[in-house]
Amino acid sequence: MIMNTKPFDIGKMTGKNLNDEKHKRQMWNEFFENMLWHNEDADSGILEFIFNIQINSGIGAGSEAIRKLFYEDYSYYFAVILKEAFPGGYVAWVKPFNHICYVYKNIGYNIRGVIDEEMLMFQEYELVPIQELKYGLESFMHRGYDEIIEEEMGEFANEKGISYAELCSKIYECIPDDLKIQPKNMFFDAKRFFKAYKYQI
């Protein structure tokens, strides 16, 4: 998951009547101006699409639930939604964060809007096409395979006569540095890339 410093928070704009087009337009203007401050070349169509998804989920808990869902664990699927709605870009890993976004005309977008260095706590980042992740993409998809992979890794470690931790360490050593997603957590990356490198153990 990536972290924003002070993201524009639609969910906290209480007291707004969503049935009132004047209020809704005011909220859109505030959101749009905030996003342009992050990147003046941001696409208004994509931003309005993101804004409408948040607004249509309601103010408060409903909107926050949508943002949390697509911002934390399911960022990959929101990126796919954006790609379907606005063809011409690509889905990317926000390296080195545990996050996926949609890149359109060299600008990254997620459920919160535009991605930039200010939103990433001024940390350096790179937008890497997901095709380069190969097996590493699986854990972003949350298809229920994580536990199965852990079981496979446990069985594989037993076959090799080594501990689970030793297996993870060996897998981690095989992963190219530029593909390591969590440099401080070898278990996380070892699980992602187990199928890719297990035959090198």
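The residues packed around Ile162, meaning those with a beta-carbon under 15 Å from its beta-carbon, carry a net charge of -2 if Lys and Arg are +1 and Asp and Glu are -1. The order of the peptides 48-56, 94-102 by mean Cβ neighbours within 10 Å, most packed first, is 94-102, 48-56. Residue pairs exceeding 25 angstrom between C-alpha atoms, taken from Lys83/Lys134; Lys105/Lys195; Lys22/Lys68; Lys24/Lys105: Lys105/Lys195; Lys22/Lys68; Lys24/Lys105. Straightening the chain between Leu36 and Glu173 buys 45.1 nm, computed as 0.36 nm per residue apart minus the Cα-Cα spacing. Here the simple spin-label model places points 7 Å from the Cα toward Cβ, and for Glu72 and Asn56 these points are separated by 2.4 nm. Subtracting the Cα-Cα distance of Glu48 and Ala65 from their residue separation scaled by 0.36 nm leaves 4.2 nm. Solvent-accessible surface of the range 63-126, averaged per residue with a 1.4 angstrom probe and all protein chains in place: 45 square angstrom.
The values are calculated or read from the model by the stated rules, or taken from the named source; none is laboratory data. Since we're looking at a predicted model, the values are computed, not measured. Reconstructed Cβ throughout: ideal geometry from the backbone, glycine too, with neighbour counts over all protein chains shown. Just the protein is used for accessible areas: all its heavy atoms, side chains included, with ligands, DNA and RNA removed. Shrake-Rupley method; radii C 1.70, N 1.55, O 1.52, S 1.80 Å.
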